[in-house]
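The values are calculated or read from the model by the stated rules, or taken from the named source; none is laboratory data. All of these numbers come straight from a predicted model, not from anything done at the bench. Cβ coordinates were reconstructed from backbone atoms using ideal geometry, including for glycine residues, and neighbour counts include every protein chain displayed.
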Amino acid sequence: MDFLVFQYPMITLQACLDGILLGVLFALIAYGMALQWGVMNIINIAQGDLVILGGYIAYFMYLYGIHPAWGVIVAPVIMYFVGIAIYKLVINKVVDRDLFISILATFGISILFMQLMNFAFGADVVLANSGYGTTMLFDNNVVLPNSKIFSAFISIVFAICLVIYMKKSKLGRAIRATAQNARAAKILGVDTEKVYAATFGINAALCGVAGALISITFTIHPYMGLPYTIRSFMIVIVAGLGNLPGVAMSGMGLGVFEEFADYILGTEFRIGSVFLLLVLILVYRRFKLSRKREYLK
Amino acid sequence: MRLNKIILSFVSALVILFSTSVASFAKVVGDKIILGAAISLTGKYSSNGVHTQNGYNMAVDRINSMGGVKVGGKTYKFDIIYYDDESNPKRAAQLAERLISQDGVEFMLGPYSSGLTKAIAPVTEKYGVPMVEANGASRSLFTKGYKYLFAVLAPANLYLDVAIETAVELNGGKPVTIAQAFEQDAFSQDVRLGILDAAERTGSKIIIDDKLPKELNDMAATLVKVKQMKPDVLVVSGHTKGALTAIRQIAEMKVDVPMLAMTHCDAAKLSKQHGKNSQYALCASQWHKSLTYKDDFFKDGMTYAADFEKEFGYDPPYQSAESSAALLVFKDAFERANSFDQKKVRDALAATNMQTFYGNIKFAPGGQNVDKPMVLFQVMCDASGKCENKVVAPLKWASAKLIHPIPKWSER
């Protein structure tokens with residue numbers, strides 16, 4: 001235990017800011033997961049692997065001399081079609097089955113993606129340098145890498161665009177209708193098959209954006225996807241489905257929680273603390289649920 | 001008639017049994033000495049697995065083309081049976097078992113990484129199969145009393161203690177303050193033990209002692225602490241991702257520290273991936289091509305590097321060099337034992353005392369090589385931004401002078 005983080009207000013501030021910037025990025029990935037979970041009732045274990053694949057797109061652009069920031073435009077376009085392809089090949093066969101089947105299917109996709117990426121891109125840890133520099137605040141006591149600020153900014157832009165799209169566009173309305181009641185939507189003339197494909201594509205595109213941002217801010221590696229899946233799962237569990245402000249808040253909350261756990265317990269317990277929090281929240285939800293049931297009796 | 005048939009089938013059964021057992025239970029087939037190796041060709045260690053395999057293959061070709069191995073007046077050639085262990089310790093142990101009991105291999109080469117070597121060593125030990133390994137440096141490998149394990153490389157606890165000693169020396173012999181961050185794996189934790197020893201020896205104080213997770217890609221928290229507490233030395237070990245993450249975030253957060261020491265810089269291709277930001281980082285290495293050790297097969301480091309590049313198209317990392325050295329050790333041991341008896345070869349290995357292009361090799365009773373110091377190189381860049389690794393310690397091999405303290409970010 002180390003309480004350094006509370007002894008120096010500057011470190012507390014640094015931890016909060018780092019956490020928020022990181023959390024916004026998590027929230028973007030989680031939003032994609034919430035969307036397709038809500039619409040298709042599928043928990044996508046391959047979410048993190050889609051993120052990493054997006055990261056590789058930005059990395060290869062960087063390798064060929066294109067600034068990796070363009071990856072946030074290119075990666076989602078490519079990933080949208082990857083998403084559609086995964087839907088047509090696998091997901092459409094499990095979309096009406098129970099949750100367990102979809103978890104197994106996406107777990108399989110996850111393993112396949114990991115191995116394919118390892119085969120195609122090698123097992124080296126790579127990153128794309130943005131050369132964005134650093135913002136120093138409070139007499140150089142608080143440091144914010146511009147790449148993190150850029151990531152958070154782009155995540156927010158994409159989230160806002162998506163909300164507007166979901167509200168205003170025809171497809172967005174169809175997606176929301178399908179999420180509410182797929183059968184009713186179908187009866188009223190919504191092509192749910194198309195909606196499902198588009199939803200999965202949009203989710204993959206969001207993962208692509210997040211991956212490009214991660215390759216700029218952190219590192220990528222074919223086997224690094226799982227922690228992102230877990231974090232987004234966790235955020236969605238806390239926020240609930242179809243609750244965008246909730247996803248954003250719980251994303252940032254998780255980011256800050258992770259940073260503080262890192263300072264107080266040590267970096268080695270960072271992911272562990274996320275798991276612990278997940279268990280606690282699941283237990284709490286169950287507890288709340290059981291109390292409700294008793295009340296109903 | 002019936003009896004004849006029974007005898008005939010009995011004899012033919014015996015013949016079949018005998019012929020298959022000869023084919024599969026022979027360590028030496030014709031003029032070939034067959035070695036076995038489980039290597040990570042897929043999975044997370046696949047890059048270094050390939051470096052290891054290339055090193056082995058390079059040495060096999062070279063030794064075979066230069067006369068092979070002479071045992072009992074006859075010349076033999078090396079051959080290696082490879083299996084892919086998928087970077088998975090359980091799989092590695094199964095494959096070792098298979099190599100020994102099904103393929104009849106009686107001499108083994110090591111896999112890549114300490115973790116996989118740890119998984120294989122109990123198997124080779126159980127069957128009394130001598131294993132020369134080149135990529136498992138964890139100290140715990142050498143404290144278990146293994147009799148058939150020999151490592152050509154220096155143990156992990158010696159990786160970075162040179163850095164601490166150098167820092168103390170540069171501080172006028174006075175103790176220094178150390179910040180350290182290590183991944184939680186066998187190798188990095190051994191490097192950490194080495195630092196603890198060095199700190200105790202020199203009276204230095206460890207003011208930050210962080211452990212990093214396996215999924216490491218953010219160490220901002222550690223670096224914020226470093227910024228606040230201003231240690232004299234920052235030590236980081238977390239394989240390639242640790243090295244890459246540390247350099248990226250140190251540069252982004254403008255962390256000023258007089259000395260930065262790391263492992264896995266060359267495997268991470270630091271200077272290529274980070275360019276000038278990686279400048280002044282001190283890196284522990286088992287080998288560097290500019291060292292002047294010599295042998296008859298590869299001449300010296302520079303020639304080895306040139307030949308390796310010609311064959312495989314890239315500059316050899318130390319993982320390849322040490323793997324090549326393992327074959328030289330085997331050849332030397334076979335010739336001194338003048339036999340393929342496992343016990344005799346094991347004893348000959350234990351008595352090894354030789355120089356290779358990779359370094360001197362002499363095994364302690366635990367199996368680790370005690371005759372080859374680690375080297376430290378520093379990433380140095382010229383004005384055009386081209387960066388190179390230059391050996392700075394130990395002084396005997398130094399090709400450049402250590403730049404210390406590292407200039408502040410504001411002055412770069």
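Pairing residues of the range A:140-158 that are in contact (Cβ under 8 Å) with a residue 60 or more places away in the chain with residues that are surrounded by fewer than 18 Cβ atoms within 10 Å (Cβ to Cβ) and polar (S, T, N, Q), at Cβ distances under 8 Å and at least 6 apart in sequence or on separate chains, gives A:V143/A:T134; A:V143/A:T135; A:L144/A:T134; A:L144/A:T135; A:P145/A:T134; A:P145/A:T135; A:I149/A:T135. The residues of the range B:202-225 that are touching a residue at least 40 places away in the same chain (Cβ under 8 Å) and over 21 Å from A:G255 (Cα atoms) amount to a single one, B:S204. Within the range B:202-213, the residues that satisfy the criterion of being over 26 Å from the mean Cα position of the chain (by Cα) and farther than 17 Å from B:K225 by Cα are B:T202, B:G203, B:S204.
Table: residues versus (1) outside the structural domain of B:L216 (by TED's automatic domain parsing); (2) farther than 21 Å from B:A393 by Cβ.
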| residue | (1), (2) |
| --- | --- |
| B:T143 | yes, yes |
| B:Y148 | yes, yes |
| B:A163 | no, no |
| B:K174 | no, no |
| B:Q180 | no, no |
| B:D185 | no, yes |
| B:D190 | no, no |
| B:L193 | no, no |
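All of (1) surrounded by 13 or more Cβ atoms within 10 Å (Cβ to Cβ); (2) out of contact with any His (no Cβ under 8 Å at 6 or more places or on another chain) hold for A:G133 with one exception: (1).
Set side by side, the residues A:G201, A:G246 differ, and just one is more than 24 Å from A:L276 (Cα to Cα) and surrounded by fewer than 23 Cβ atoms within 10 Å (Cβ to Cβ), which is A:G201.
If the condition is being within 29 Å of the chain's Cα centre (by Cα) and facing chain B (nearest Cβ under 8 Å), then the range A:134-145 contributes A:T134, A:M136, A:V143, A:P145.
With respect to A:G48, is the statement that it is in a helix (DSSP H, G or I), closer than 23 Å to A:L244 by Cα and either without any contact (Cβ under 8 Å) to a residue 60 or more places away in the chain or not hydroxyl-bearing (S, T, Y) (or both) true?
Answer is yes for this residue.
Selection within the range A:253-283: residues that are among the acidic types (D, E) and either touching a helix residue (DSSP H, G or I) at 6+ places or on another chain (Cβ under 6 Å) or in contact (Cβ under 8 Å) with a residue 60 or more places away in the chain (or both). The member of this set that is farthest from A:I20 (Cα to Cα) is A:D262. When the test is whether a residue is over 27 Å from B:D185 (Cα atoms), within 14 Å of chain A (Cβ to nearest Cβ) and assigned to a loop (DSSP other than H, G, I, E, B), B:K254 passes it.
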